[in-house]
Structure formats: C-alpha cells, structure tokens
1. If you rank Lys60, Lys318 by fewest surrounding Cβ atoms within 10 Å, what's the result?
2. Mind sorting Thr294, Thr26, Thr92 by how few other Cβ atoms lie within 10 Å of their own Cβ, fewest first?
3. Starting from the Cα gyration tensor of the stretch 32-74, take the square roots of the eigenvalues, sort them a ≥ b ≥ c, and report rounded, prolate or oblate (rounded when a/c is under 1.5, otherwise prolate if a/b is larger than b/c, else oblate).
4. Can you put Val48, Val116 in order of Cβ neighbours within 10 angstrom, beginning with the fewest?
5. Trypsin sites (Lys or Arg not before Pro), restricted to the stretch 183-274: which are DSSP loop and have at most 11 other Cβ atoms within 10 Å?
6. For the chain, give the share of DSSP beta bridges that are antiparallel, in percent and rounded to the nearest 5; count only bridges with both residues there.
7. Distance cut-off 23 Å, Cα to Cα: go down the list Lys183/Lys289; Lys62/Lys234; Lys62/Lys183; Lys57/Lys151 and report the pairs above it.
8. So, in nm, how far is label Met1 from label Glu105 when the simple model puts each one 7 Å beyond its Cα toward the Cβ?
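FYI, it's all coordinate maths here, none of it is from the lab. Because the structure is predicted, anything quoted here is derived from the model rather than measured. Reconstructed Cβ throughout: ideal geometry from the backbone, glycine too, with neighbour counts over all protein chains shown.
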Amino acid sequence: MTTVLITGIAGFVGSHLVEFLLRDSTIEVAGILHPEHEIQHLEEHPRVAVYREDILKEGKLKKLLRSIAPERVYHLAGMAHVHESWTDRKRTIETNFLGSLNLLEACRALPEFPRVLLVGSADCYGIVPEVQQPILETHPLFPSSPYAVSKIAQEILGMQYAKAEKFAVYLSRSFNHTGPWQKETFVCSSFAKQVAMAETAPETPVIRVGNLVARRDFSDVRDVVRAYHAILEKGVPGEPYNVCSGRAISIREVLDILLSRSSRRFQVEVDPEKFRPVDMPLLFGSAEKLSAETGWRPEYEIHKTLGDLLDFWRSKLKTGAAVS
C-alpha cells in the first residue's frame with residue numbers, strides 16, 4: 001500500500017482529492033486537519049485517517065509525520081482567499097510560508113523524503129497585459145496581494161529544496177477553480193448559493209455582485225485534482241506548472257450561465273464591498289507545459305461545472321448543512 005498525506009484534507013480541493021485517490025485500491029490516505037476546522041465532505045472510510053494538528057506547530061508536525069511515514073504529500077493547507085489576505089496579512093504569510101517550511105522540514109526528518117506537491121497560485125503573476133496572455137510559466141512574477149506574496153515565497157522555498165538539495169518537491173501555479181463543495185466566499189459559489197436561495201423567495205430576488213467585467217480562467221476542481229496527481233507522478237521537481245483550462249470567461253458570463261439554469265427572474269445589484277483593493281482585469285493561462293509533460297487534459301466544460309455547483313447548493317440548502 002502507498003501512504004498519501006493531504007494537508008487541509010477537509011477543504012474544498014482536499015475532499016475532492018480524497019475521492020479521486022480512493023479509486024486506487026492500493027492507496028491509503030492520511031489527512032491533517034486544523035483543530036478548529038470541521039469535517040464537511042469526508043465520509044468515514046477504512047483507508048482514510050484524519051489527524052487534527054496545526055502545521056505551524058513544528059515539533060508536533062514532525063512527530064505526526066514520523067508516525068504516518070507518507071510516500072506522497074499534497075500540501076493544500078493554508079490561507080486561500082485573496083480578499084481575506086488584505087485584512088490578515090500576518091496570518092496569511094505565516095500560514096502559507098512558515099507552514100510550508102515546517103512541512104518540508106518534517107519531511108526532511110523522515111528516513112526517506114517523500115514526493116511533495118506545494119500548491120501555488122496564478123495570483124503570483126499579478127496584473128499581466130492582455131497581449132501577454134495566455135500566461136506561460138516563464139512569465140515574471142509580480143504579486144498584487146499579500147496572498148500572492150505568501151505563495152511566491154512558498155514556491156521559491158520549494159524550488160530551493162528541489163534544485164539545491166535535490167528533494168522531490170513539485171510545484172503548481174493554480175488558476176481559479178470551482179465546483180461542488182466550494183465555500184460561498186468564492187465568486188462562482190457565491191452566485192450559485194444566491195441563485196439557489198432566491199429560487200424559494202416570494203418576491204423578485206436580488207443577486208448581489210462585485211466586479212462583473214473581470215475575466216478569469218476557471219477549471220473544474222475535479223480536473224484540478226487530476227492535474228495535481230499528474231504533476232506529482234510525472235512532473236519535474238522544482239518546475240512550476242500552470243493548472244488551468246486555457247480559456248477566459250467573464251464574471252458576467254458566469255452569472256448569466258447560473259441564472260439561465262433557473263426558471264426564476266432575478267434583479268442584479270452591484271455591492272461595492274465585493275470589490276478587491278487591486279483586481280486584475282484578465283487572468284488566464286496556458287497549460288501546454290503540464291499537458292506536454294504529464295499528458296493531463298481538462299475533462300469538464302464550464303456549463304457542466306456551474307450546473308453541478310448550483311445543484312450542490314440547492315441540495316445543501318435543503319439539508320441546512322454548513323460548508324467549510
């Protein structure tokens with residue numbers, strides 16, 4: 001059996017990654033979950049063990065990894081929301097950079113260093129002129145948020161372990177992704193939840209939105225976890241890989257697709273609170289390097305992804321369950 005460790009196992013991507021990995025009967029999954037976080041989407045499974053620990057507690061993390069002895073590590077834990085990074089900069093830097101450092105040092109202390117994937121972000125590219133898009137991995141990094149700063153620091157750290165010390169550390173630069181189980185603090189899920197809630201409203205419902213002009217590269221989370229697996233198994237240590245669809249869609253188009261899947265009529269209102277201090281007008285990438293080196297290709301189309309996300313919220317609102 002192969003032991004795979006997932007930090008942030010109960011999060012949006014972590015839950016989907018578990019579902020994907022368990023298709024292989026030779027894999028056992030161990031997960032680290034922050035003590036204050038709830039388990040939302042993970043069901044009990046004989047090949048899944050969940051441990052509650054804070055990745056900022058270096059000594060306890062080392063002890064835990066010695067007991068798990070993983071052969072593969074997907075590092076998903078961390079602060080993941082750009083907007084929140086502006087209001088809590090210190091915690092963003094500490095969690096995303098120092099948490100990664102603690103994890104890599106815990107791996108160094110093992111008898112054999114496992115394969116480790118550090119999940120980065122396309123926000124590291126900053127504001128890129130449209131003529132220079134789709135963005136390649138060779139494009140300079142220019143952070144436009146505290147979150148992006150933390151992810152660049154994490155990536156450079158991973159490169160140092162891979163290039164200078166020859167450890168098996170792999171790197172992704174992930175563009176926007178969405179799908180079932182996503183928190184409502186992200187734009188697609190926010191729209192989907194509002195539509196699902198509004199379908200039961202007695203009067204003409206209002207959908208509150210931010211910047212609808214911005215265009216983004218949205219992938220399905222189920223494609224993303226396949227990409228992470230491909231990078232860890234077939235990628236080159238220390239080399240960053242864009243994880244993206246290679247297509248840009250405006251936030252207005254996202255909203256229109258969701259609204260078209262409901263029989264209700266809606267009123268749309270702009271909420272200034274939903275705008276970021278710095279917002280990129282366009283961000284979409286090229287996944288040519290990932291495809292060429294690993295054979296990965298996206299399988300989900302945006303209409304299917306958004307339809308599944310809306311159905312998820314319809315179901316979730318009926319049960320009254322929370323989403324982490």
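1. Working: Lys60 15, Lys318 10.
Ordered by Cβ neighbours within 10 Å, fewest first: Lys318, Lys60.
2. Details: Thr294 20, Thr26 7, Thr92 25.
Starting with the residue having the fewest Cβ neighbours, the order is Thr26, Thr294, Thr92.
3. Values: a/c = 2.38, a/b = 1.25, b/c = 1.90.
Oblate shape, in that a/c is at least 1.5 and b/c is the bigger or equal ratio.
4. On the way: Val48 19, Val116 26.
So the residues, fewest neighbours to most, are Val48, Val116.
5. Working: sites: Lys183, Lys193, Arg208, Arg215, Arg216, Arg222, Arg226, Lys234, Arg247, Arg252, Arg261, Arg264, Arg265, Lys274; in loops: Lys183, Arg247, Arg261, Arg264, Arg265.
Listed in order of number, the matching sites are Arg265.
6. Working: 2 of 40 bridges.
For the chain, the DSSP antiparallel bridge percentage is about 5.
7. From Lys183/Lys289; Lys62/Lys234; Lys62/Lys183; Lys57/Lys151, over 23 Å: Lys183/Lys289; Lys62/Lys234; Lys62/Lys183.
8. It works out to 3.1 nm between the two label points.
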